[in-house]
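Asker: Pasting a structure below so you can have a look.
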Amino acid sequence: MEQLWQQGLSLLRDIFTGRSIVDILDVLIVTYLLYRLLVLTRETRASQVLKGLGILLVGSWLSDLLGFTALNWIIKWVVNSGAVVVVVLFQPEIRRALEQIGSANPWERLRVIDSHADSKRIVGELVTTLTDLGRRRVGALIVIEQKTGLQEVVATGTALDAMVSAPLLENIFEPNTPLHDGAVVLREGRVVAAACILALSEDRGISRELGTRHRAALGISESTDAIALIVSEETGIISMARGGKLTRHLDAHSLEQLLFPIFVDEPLGSGPLAALLTKTKRRARHASE
């Protein structure tokens, strides 16, 4: 135990003495990357594997320190071959993590809502739509795009370009209409597509009571930062999927409390630069229309 304590002190001494700015930046960058890795894999199957690898690394260090040669050799062999196994088994999770890293560019995608009043109007239309459909027990699935682009999802449906309104959304999800089966995608406060196809969540822990809409909503919220709103066709219960988590039994008041910050929040914050970029994006959008 005394030897372990001395080695720990020696390691700390090596870290904090005689280090240049470059070394400090190197440590900070690695720390940030590890943090982002943990955030991206939080509450997924990959997070359990990372925990297991961490335990093996600690076990390898301890076995080497205590002189357990055979145990140290076995753990090192598992760790060395385990990297390839992780890549093969968790290829979908790795791909989704890389997609999130590549799409996390605040300069590339800027959600613009023209005014505070317009944001409030959109939230009101969504709340009216969901509560009306829930009361009539009409199934619905609405996906709100955030920083991660959903163009691949939009391409699977029917392209639209319309203002968000309760009559439009309710008509889309009305049974036996051409666009009722699938998801509606909202981008920058507008309806951009309907009847879109979403990949289902692969989480086996999802309750069997939840149907395809809920699994599709969880799937898109797991692989992107999108927010999905669901109305159950069987029960009329309104739910929200965000970050792979499902919030159920929402009413009009709770929906408004959850939705309003989504549309009001500006990714670039406030200030002259944000105002200039917002105005530029708005002009470009109006010019394209």
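The values are calculated or read from the model by the stated rules, or taken from the named source; none is laboratory data. Predicted, not measured: the structure shown is a model, and the values here were computed from it. A quick note on method: Cβ atoms are made from the backbone with ideal geometry, for glycine too, and the neighbour counts reach across all protein chains shown.
Asker: Could you check how many residues of segment 173-196 are outside any loop (DSSP other than H, G, I, E, B), among the aliphatic types (A, V, I, L, M) and surrounded by fewer than 19 Cβ atoms within 10 Å (Cβ to Cβ)?
Answerer: First, pick out the residues of segment 173-196 that are outside any loop (DSSP other than H, G, I, E, B): 173, 183-187, 190-196.
Checking which are among the aliphatic types (A, V, I, L, M) leaves us with 183-186, 191-195.
Of the ones still in play, those that are also surrounded by fewer than 19 Cβ atoms within 10 Å (Cβ to Cβ) are 195.
Final tally of qualifying residues: 1.
Asker: Right, next: Could you check segment 223-263 for strands (runs of 3 or more DSSP E) lying wholly inside it with 1 or more residues that are within 17 Å of R137 (Cα to Cα)? Can you show your working first?
Answerer: Working: elements: 227-231, 238-242, 245-247.
Correct list: 227-231, 238-242.
Asker: In addition: Which one is surrounded by the fewest Cβ atoms within 10 Å (Cβ to Cβ) among residues in segment 244-277 that are of a type in the set (A, V, I, L, M, F, W, C) and at pLDDT 85 or above?
Answerer: Step one: list which residues in segment 244-277 are of a type in the set (A, V, I, L, M, F, W, C), which gives 246, 250, 252, 255, 258-260, 262-264, 268, 273-277.
Narrowing further to those that are at pLDDT 85 or above: 246, 250, 252, 255, 258-260, 262.
Details: L246: 19, L250: 23, A252: 14, L255: 20, L258: 17, L259: 22, F260: 17, I262: 19.
Of everything passing the filter in segment 244-277, A252 is surrounded by the fewest Cβ atoms within 10 Å (Cβ to Cβ).
Asker: Now for a separate question. Surrounded by fewer than 20 Cβ atoms within 10 Å (Cβ to Cβ), in contact with a helix residue (DSSP H, G or I) (Cβ under 7 Å, 6 or more places away or on another chain) and closer than 17 Å to G243 by Cα: does that describe I230? Full working, then the answer.
Answerer: Details: surrounded by fewer than 20 Cβ atoms within 10 Å (Cβ to Cβ): no; in contact with a helix residue (DSSP H, G or I) (Cβ under 7 Å, 6 or more places away or on another chain): yes; closer than 17 Å to G243 by Cα: yes.
In short, no.
Asker: Just checking, which of L126, L110 is modelled with pLDDT under 65 and not assigned by TED's automatic domain parsing to the domain that holds V39? Even if it seems obvious, please write down each step before you answer.
Answerer: On the way: L126 fails: modelled with pLDDT under 65.
Unique residue meeting the criteria: L110.
Asker: Restrict the check to segment 165-173 and report whether at least one residue is modelled with pLDDT under 95, under 15 Å from L229 (Cβ atoms) and not polar (S, T, N, Q).
Answerer: Scanning segment 165-173 turns up no residue that is modelled with pLDDT under 95, under 15 Å from L229 (Cβ atoms) and not polar (S, T, N, Q).
Asker: Could I ask something else about it? Determine whether segment 236-243 contains at least one residue that is modelled with pLDDT of 95 or more, surrounded by 13 or more Cβ atoms within 10 Å (Cβ to Cβ), in contact with a His (Cβ under 9 Å, 6 or more places away or on another chain) and closer than 23 Å to L160 by Cα.
Answerer: Checked against the condition, which is being modelled with pLDDT of 95 or more, surrounded by 13 or more Cβ atoms within 10 Å (Cβ to Cβ), in contact with a His (Cβ under 9 Å, 6 or more places away or on another chain) and closer than 23 Å to L160 by Cα, segment 236-243 yields no hits at all.
Asker: Would you be able to say whether some residue in segment 140-154 is modelled with pLDDT of 95 or more, assigned to a loop (DSSP other than H, G, I, E, B) and not small (G, A, S)? Write out each step before concluding.
Answerer: Restricting attention to segment 140-154, the residues satisfying the condition of being modelled with pLDDT of 95 or more are 140-144.
Remaining after also requiring assigned to a loop (DSSP other than H, G, I, E, B): none.
No.
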